[in-house]
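Data first, discussion second: the structure below is written as structure tokens.
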């Protein structure tokens, strides 16, 4: 493998794309339209930040790469499911995602609802089918991902997000919403590697956990900054959508300067938690910086 | 416990309702509106046919009742999730379910989408949290339920159902759709007890499997007959909805007489598969008859 994590990203992205392709039913399998829509929702050139976090955390904790494929795939499937429902007319009503028509625009609303519904159980299937992992660890992975995407995780965060439209939130309340809506799944991506790591100390487990929580919130703040400052053709979705919907966002409520400052604070905090892992943490540190410095 | 399964139904229904109540987040837990909607979707006086099938199959196979609660709850949560999405305007657009406003009418569309989305991972959490079951069996339960509700199971069946509106299907194609849309989860309910049973012979496993498949399809044919012949206040949903939507149904395509005949054929076939279990199969046999003879 090449020398830096940045140079390995293309390899990992290709790897997880191949695993996603293999996990998804063939487009010719009946019901074909549903399976086409599921594949369209997932195999769309996403940045694969969550899978990259799984692999980077795995490098940090010396986990065999083949064991990381299952959580990488499962978490990306859950992420894709959430985007499809998030884009529906009854939710954020977005026409564009990653520069292409959203699933309900490309297909139809019913197909979008069902395709996303079917991505969820596929994710859990993938987690229980991974070879070379004790059944107890598979169970822990199912629990981790189920909890991250449930009503006190990602889906709960989306619910709070919708309810907050047009309202003012305190900084704490806003960060809590970010921690659920976006942070929970980012956190699960990193922590899945902890679950697959043998003999991780309590202190190291907590450090990884704290890194994951900080970077999850930073990711969403950066997303909101990009929505304000980005251009549609670069970020691949309608810029300014948050303002149009009256979304409660960090830059909207506290200004772009404070948003950038908070992002940097969270990055610093996240990086500090990696100190204990020395040079092994370089991939996670690189990804954390990428998350707050990316342009799309 | 009283003498017949019919007399034990009230006990089992109360039992699974209490387990569902305990598994669902409190209505006061944030986000409260989402949790209220999840509880409204589940705790609505349903007949609990799928949980009853879990308990009846458990009686047949001598499985400890406490082990059956988790699959009973998980499968009912999945069933409830599917009904909420099924009722959405983009799907069947139903206002009434079990005699009450559907979730998107009572709350709003976004809340209905998210509440159902959150019921899915809750079901998988429940399956991995059950005590006294080896981790490998929990994994098998997750796989069973994930497969039953995925794109080649329940959700796939709903997709075929929507695509078939206004079209003619062969009897085989229609039964295949029924086997996915309704049969897959009914099948999983019965088979979950097999997975929890120790030392089940291959022949007995196959007999239970075949019983479950037959009764799953019979259940949907009976549902369609009730839609044609039932009255709204008795079946708890809009009678005649299938015809209004141009649904491909057994009575619609092949006439009510053939539908009833096919229902009876499937019941006979299902009951034959129970012969090997002697008197232990009485609960399953009673439920099978109830499924094809019920009035709502």
### Query
Using a Gaussian network for chain A with springs between C-alpha atoms less than 10 Å apart, which of these wobbles most: A:192, A:125, A:82?
A:125
### Task
Once you've got the GNM for chain B with C-alpha springs shorter than 10 Å, pick whichever of B:60, B:19, B:149 has the biggest mean-square fluctuation.
B:19
### Task
Let me know the mean shielding of B:85-92 by other chains, meaning the per-residue number of their Cβ atoms within 10 Å of its Cβ.
4
### Query
Tell me, what does the Kirkwood hydrodynamic radius of the stretch B:183-296 come to in angstroms if you use every pair of distinct C-alpha atoms?
15.0
### Task
First check a/c for chain B, with a ≥ b ≥ c the square roots of the eigenvalues of its C-alpha gyration tensor; if it is under 1.5, answer rounded, and if not, answer prolate when a/b is larger than b/c or oblate otherwise.
oblate
### Query
Shortest first and in nm to one decimal, what separations exist between residue A:167 and its copies in the other chains, measuring from label points 7 Å along the Cα-to-beta-carbon line?
4.4
### Query
Hey, which residue of A has the C-beta nearest the axis mapping A onto B, and what's the distance in Å?
A:135, 2
### Task
Enter the mean number of other protein chain beta carbons within 10 Å of the beta carbon of each residue in B:104-115, as an integer.
4
### Task
Starting from the Cα of residue A:173, step 7 Å along the direction of its Cβ; do the same at residue B:279; then give the gap between the two resulting points in nm.
6.4
### Query
Once the protein assembly as shown is represented by equal point scatterers at the alpha-carbon sites, with solvent omitted, what log10 I(q)/I(0) does the Debye formula produce at q = 0.05, 0.07, 0.09 Å⁻¹?
-0.21, -0.42, -0.69
### Task
Ignore the peptide's own chain and count Cβ atoms of other chains within 10 Å of each Cβ in B:123-131; give me the average, rounded.
5
### Message
With the crude spin-label approximation of a point 7 Å out along Cα→Cβ, what separation in nm comes out for residue A:32 versus residue B:244?
### Response
3.3
### Task
When a/c is below 1.5 the answer is rounded, else prolate if a/b is larger than b/c, else oblate, so apply that to the stretch B:131-182 with a ≥ b ≥ c taken from the square roots of the Cα gyration tensor eigenvalues.
prolate
### Query
Which distances, in nm and shortest first, link the residue B:129 label point to the same label point in every other copy, taking 7 Å along Cα→Cβ?
2.7
### Query
Does the stretch B:73-221 come out rounded, prolate or oblate by the C-alpha gyration tensor, with a ≥ b ≥ c the root eigenvalues, rounded set by a/c under 1.5 and, if not, prolate when a/b is larger than b/c and oblate if not?
oblate
### Task
Consider a paramagnetic label point 7 Å from the Cα of residue A:44 along Cα→Cβ; state which residues of the stretch A:238-264 have an amide N under 15 Å from it.
A:238-239
### Message
Given contacts defined as C-alpha pairs under 8 Å and at least six residues apart, what's the relative contact order of the stretch B:5-293, whole-number percent?
### Response
21
#### Entry: Where labels lie 7 Å past Cα in the beta-carbon direction, separation of residue B:64 and residue A:261 in nm
5.8
### Task
Give the nm distances, rounded to one decimal, from residue B:268 to the matching residue in every other copy, measuring between label points 7 Å along Cα toward the beta carbon; shortest first.
8.0
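Laboratory data are not the source of any read-out in this text; all were calculated from the coordinates shown. Please read these numbers as outputs of a predicted model, since none were measured by experiment. Glycine gets a Cβ as well: all are built from the backbone with ideal geometry, and neighbour counts include every protein chain shown.
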